[in-house]
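In what follows, a structure is listed as structure tokens, so that the remarks can point back to it.
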Amino acid sequence: MNQEPRPSGEFSDELRALGENLRTVFQAAWDSDDRRRLQREIETGMGELADSLSKAAREFSESDTGKQMKDEVRDLGERLQSGEVESKVRQDLTAILRKLNDELGRASSSWSSRPPSGPEGQA
């Protein structure tokens, strides 16, 4: 190994050169024909995927199942606007909370009615 001290400028010069070389490599990769070809393939593939999905959605919406689903969604929208769904959800949540509170009350009563155990409970 060489024990001679190196000038500090040489290290920073090498870092600067590394940065410039990386920039050049990335720019060359970006400008390459391979990257452009890949981009075109991706764009074409995405366009074909969008077309296929549109066609499938159109076919589904025209099918009996699609029509039934549209009717059900429309019915749900009407029930949401009328407040019917909100009322039902509120009732169900209230019943669940009531049951939970009842059970917690029973558990609390059961624990508080037990005699203390351990050193604190002994006289």
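Read-outs throughout are calculated quantities, based only on the coordinates presented, and are distinct from any laboratory measurement. Since the structure is predicted, the reported quantities are computational estimates derived from the model, not experimental observations. Quick reminder, even Gly has a Cβ in these numbers, built from the backbone with ideal geometry, and neighbours come from all protein chains shown.
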Projected onto the charge dipole of region 22-112 (unit charges on the beta-carbon of Lys, Arg, Asp and Glu, signs +1, +1, -1, -1), the Cα from G66, Q39, A95 with the largest positive-side position is that of A95
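Specify whether the C-alpha gyration tensor of the chain places it in the rounded, prolate or oblate class, a ≥ b ≥ c being the square roots of the eigenvalues: rounded for a/c under 1.5, otherwise prolate if a/b is larger than b/c and oblate if not. Let's see the in-between values first.
Details: a/c = 5.59, a/b = 1.38, b/c = 4.06.
In terms of gyration-tensor shape, oblate.
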Count the net charge of all other residues whose Cβ sits under 15 Å from the Cβ of R16, scoring Lys and Arg as +1 and Asp and Glu as -1. -3
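Subtracting the Cα-Cα distance from 0.36 nm times the residue separation, let me have the gained length for A107 to F11 in nm, one decimal.
On the way: separation 96, 0.36 × 96 = 34.56 nm, distance 7.21 nm.
Length gained between A107 and F11: 27.3 nm.
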Please list, or write none, the lysines whose alpha carbon is within less than 19 Å of the alpha carbon of K88, excluding same-chain residues fewer than 8 places away. K99
Regarding region 32-83, what are the three Cα extents along the principal axes, ordered largest first, in Å? 60, 25, 8
In nanometres, what is the gap between the two model label sites at K67 and T94, each 7 Å from Cα along Cα-to-Cβ? 4.1
Acute angle (nearest 10 degrees) that the helix 8-30 long axis makes with the longest principal axis of the chain, alpha-carbon atoms: 80
Stretched out fully, how many nm does the piece from R37 to S52 gain, at 0.36 nm a residue minus the Cα gap? 3.2 nm
